[in-house]
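See below for the structure under consideration.
Computed from the coordinates by the stated procedures, all read-outs in this text should not be read as laboratory data. Small disclaimer: the values here were computed from a predicted structure and weren't measured. So basically every Cβ, Gly included, is an ideal-geometry build from the backbone, and we count neighbours across all protein chains shown.
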Amino acid sequence: MNTVRTVTGQARPATAPGTTTGRIPVFAFAMSLGLFLAITFIVCVGFDLVVPGQAMYRTWLGLIPWFDWLSWPDFFWGLAVSFGYGWYIALIFAPLYNWFAGRAAR
C-alpha cells in the first residue's frame, strides 16, 4: 500500500478521506456521478437551445428512452434518466472497484 508523509513527518496510508482501506463509498459516488450527469444534461440542453446548428439532441434521442425533443416533461424525464445513469454506473463500478482493491490489498 502506498504511504504519504504528513506535515509532522509521520507516515500514513494513502487512502480516500474517511476510509481506512481505500474503498469507494457507493452512496457518495452514486450521488456525485448522478448529479454530474444531470448537470451535464442541463448544460447540453442549454447549449442546444443557444446554438441549434450544433445541437446534440439526436444523441439524447438514442440515449434516453421515450425522449422527444424538447418539452418540459421531456426535459425532466431526461434529467431523471441522466441522474439514474449515474446511479447505475456507480452501483456497478464502486463495488467492483472495492472488491478488486480489497483483493489487491491482501
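With Cα atoms as the point set, segment 47-106 shows a radius of gyration and Dmax of 17.1, 54 Å.
Distance between the pseudo-spin-label points of Trp69 and Arg106 (7 Å out from Cα toward the beta carbon): 5.1 nm. Taking a sphere under 15 Å around the Cβ of Phe75 and counting the other residues whose Cβ falls inside, with K and R at +1 and D and E at -1, yields a net charge of -3.
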